[in-house]
Amino acid sequence: MVKCTGKSVLKGIAIGKIYVYRKKEFTLVKTHIDDIETELKRFNLAVAEAERQLETLYQEALASVGEAEAKIFEVHGMMLEDEGYLEDIKSMIKNNCNAEYAVKEVGDTYSQMFAAMDNEYMRARSVDILDISNKVINILAGVGDDAIKSEEPVILLADDLTPSETIQMDKDKVLAFVTIHGSANSHTAILARSLNLPSLVSTDVALLDEYQGKMAIVDGFTEELIINPPEEVLQELTAKRDEWISETESLKKLIGQDNVTTDGRRVNVYCNIGEVADVERVLESDGGGIGLFRSEFLYLGRDNCPTEEEQFESYKAVLEKMNGKKVIIRTLDIGADKKADYLGLEHEDNPAMGYRAIRICLDQPDIFRTQLRAIYRASAYGTAAIMFPMIISVDEIRKIKDIVEDIKRELAAEDIPMGEVELGIMIETPAAAVISDQLAKEVEFFSIGTNDLTQYTLAIDRQNQRLESICDTHHTAILRLIQMTIENGHKENTWVGICGELASDTTLTKTFVDMGVDELSVSPTYVLPLRKAIREI
């Protein structure tokens with residue numbers, strides 16, 4: 001028996017034979033090109049063909065995993081239209097370089113740039129850039145895509161998988177993905193979750209041909225891959241898998257039910273989203289609203305700030321799709337670890353504690369005002385709320401409220417309709433938690449961001465893997481700050497929610513309900529398990 005560990009993408013258990021997946025390889029060499037115009041034309045045709053293939057992939061993804069995940073391939077299409085990326089490739093071709101090698105060099109450069117970023121989400125985008133580049137290279141070189149050569153469903157073992165490879169595979173033949181590289185934030189991981197496949201990434205397993213056809217178990221609960229399990233282990237985990245499948249099916253009966261404890265206490269269960277397309281998953285999972293709309297993703301991957309009109313259309317689309325359910329939009333939470341050069345962000349040694357979030361907004365009020373105008377305009381189309389990140393003082397809130405009132409007067413003077421908008425703040429610094437009694441007098445709600453609150457309270461970088469063993473998210477100090485925040489909020493009739501990772505930790509659900517939490521906001525995947533936990537209290 002061989003036992004390996006990785007990072008779980010989705011809780012669950014898969015049992016089957018291993019299929020060792022290796023990408024088709026060909027020798028890529030740099031050659032001197034004399035006919036530059038012909039080579040440029042060949043490159044342009046390859047880009048056009050890649051765009052056509054991406055449209056096909058989009059339609060396949062739409063049918064198999066839904067609109068939210070299908071958007072991945074629309075984003076890939078946008079990458080193929082990026083002027084900087086295309087011009088860098090064409091520049092190499094004009095210097096007498098063959099197109100395949102130019103695409104490889106530029107793709108690697110862009111991918112390495114993203115991989116070096118401090119933010120985990122942005123690091124995960126490096127794989128997307130390689131996916132796009134490899135697609136264009138394969139078209140130029142006439143190399144086709146791999147297929148799974150198996151008559152039965154398998155556990156797919158690979159070095160890494162791109163979104164294109166993931167979506168093109170015959171889903172009926174895949175029980176689970178196990179990759180040596182990759183992250184839980186990668187688009188491949190997102191697709192695996194959408195396909196409901198218990199999978200592991202960053203797994204300490206070797207890609208050995210001898211594993212081909214061996215019986216294996218992927219346990220997403222213990223984050224283990226077990227190869228050649230003995231009979232007693234196989235029987236034990238088969239029973240565990242059957243129980244998991246039964247529980248998963250039974251959760252669907254909770255759609256349409258209330259999040260109410262046995263003694264009548266109601267807790268709102270909302271969802272966290274990053275883009276308009278994610279609303280489909282919220283509705284499918286029966287989320288009660290959106291507790292965190294991460295608006296910063298409207299600002300990333302571009303050369304300038306999104307316009308008021310662009311933002312208005314995005315916020316309006318979400319509010320309309322939610323059909324009256326509350327949508328809490330977090331204002332721009334970006335910093336030196338999320339690259340947006342047009343904001344004038346310089347390199348910082350400690351970006352988590354640097355020039356970010358509300359500090360940028362108050363320092364660059366034109367950007368802030370544009371976002372607030374867009375949100376208030378969109379508020380006429382649904383139930384909108386706004387929360388402000390990284391607050392550490394009452395003075396910051398009062399400055400924000402002055403700007404908000406000015407925006408409302410502007411829009412009223414222009415006869416632009418607006419709805420009623422709740423104002424709240426993120427409690428993600430120990431400072432905010434400690435003075436939450438003062439802050440509660442200024443706003444209508446708190447949303448506790450437990451990820452940063454944990455990081456700042458324990459003085460542990462949550463992205464430092466060497467410190468994972470001592471990063472206790474259940475630390476008494478964190479729970480006391482949460483308790484203090486809830487109590488102080490309620491004294492001023494300010495409702496309190498939690499939108500960080502701890503919100504989906506069902507081992508803490510009873511603790512939070514006992515504390516008096518009003519709302520828990522989680523990834524759509526966790527809505528029904530959380531509802532079940534609440535209804536059993």
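Table: residues versus (1) out of contact with any Asp or Glu (no Cβ under 8 Å at 6 or more places or on another chain); (2) in contact (Cβ under 8 Å) with a residue 40 or more places away in the chain.
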site: His490; (1), (2): yes, no
site: Asp514; (1), (2): yes, no
site: Glu519; (1), (2): yes, yes
site: Pro524; (1), (2): no, yes
Report yes if Glu420 is surrounded by fewer than 20 Cβ atoms within 10 Å (Cβ to Cβ), under 20 Å from Leu292 (Cα atoms) and out of contact with any His (no Cβ under 8 Å at 6 or more places or on another chain), otherwise no. yes
Would you confirm whether any residue within segment 251-269 is among the hydrophobic types (A, V, I, L, M, F, W, C), within 26 Å of Phe297 (Cα to Cα) and in contact with a strand residue (DSSP E or B) (Cβ under 8 Å, 6 or more places away or on another chain)? yes
Out of (1) surrounded by 20 or more Cβ atoms within 10 Å (Cβ to Cβ); (2) under 27 Å from Arg123 (Cα atoms), what's the single condition that is false for Glu348? (1)
In segment 209-234, which residues are within 15 Å of Val154 (Cβ to Cβ) and either in contact with a His (Cβ under 8 Å, 6 or more places away or on another chain) or among the small types (Gly, Ala, Ser) (or both)? Gly213, Ala216
With Ile391, Ile375 as the choices, which residue is modelled with pLDDT of 95 or more and assigned to a loop (DSSP other than H, G, I, E, B)? Ile391
From the residues in segment 118-160 that are at pLDDT 80 or above and among the small types (Gly, Ala, Ser), which one is nearest to Leu225 (Cα to Cα)? Ala158
Considering only segment 190-217, state which residues are assigned to a loop (DSSP other than H, G, I, E, B) and among the small types (Gly, Ala, Ser). Ser199, Ser202, Ala206, Gly213
Restricted to segment 266-284 and to residues being surrounded by fewer than 19 Cβ atoms within 10 Å (Cβ to Cβ) and modelled with pLDDT under 95, the residue farthest from Ile386 (Cα to Cα) is Glu284
Let me confirm something: among Glu74, Glu105, Glu100, which residue is touching a strand residue (DSSP E or B) at 6+ places or on another chain (Cβ under 9 Å) and either part of a helix (DSSP H, G or I) or at pLDDT 90 or above (or both)? Glu105
Leading residue by the ranking (modelled with the lowest pLDDT) among those in segment 301-326 that are in a loop (DSSP other than H, G, I, E, B) and surrounded by 15 or more Cβ atoms within 10 Å (Cβ to Cβ): Gly301
Total residues in segment 431-472, condition surrounded by fewer than 17 Cβ atoms within 10 Å (Cβ to Cβ), of a type outside the set (Val, Ile, Thr) and under 21 Å from Ala352 (Cβ atoms): 13
Considering only residues that are of a type in the set (Ser, Thr, Tyr) and within 17 Å of the chain's Cα centre (by Cα), look in segment 281-308 and name the one that is nearest to Lys321 (Cα to Cα). Ser285
Residues in segment 391-399: is at least one in contact (Cβ under 8 Å) with a residue 12 or more places away in the chain, open to solvent by 10 Å² or more (accessible area, probe 1.4 Å), basic (Lys, Arg) and over 15 Å from Leu292 (Cβ atoms)? yes
Hey, can you tell me all the residues within segment 201-217 that are more than 14 Å from Gly16 (Cβ to Cβ), hydrophobic (A, V, I, L, M, F, W, C) and surrounded by 20 or more Cβ atoms within 10 Å (Cβ to Cβ)? Val201, Val205
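The values are calculated or read from the model by the stated rules, or taken from the named source; none is laboratory data. None of these values were measured; they are calculated from a predicted model. Every residue, glycine among them, receives a Cβ derived from its backbone with ideal geometry; neighbour counts consider all protein chains shown. All accessible areas refer to the heavy atoms of the entire protein, side chains included, with ligands and DNA or RNA removed. Shrake-Rupley method; radii C 1.70, N 1.55, O 1.52, S 1.80 Å.
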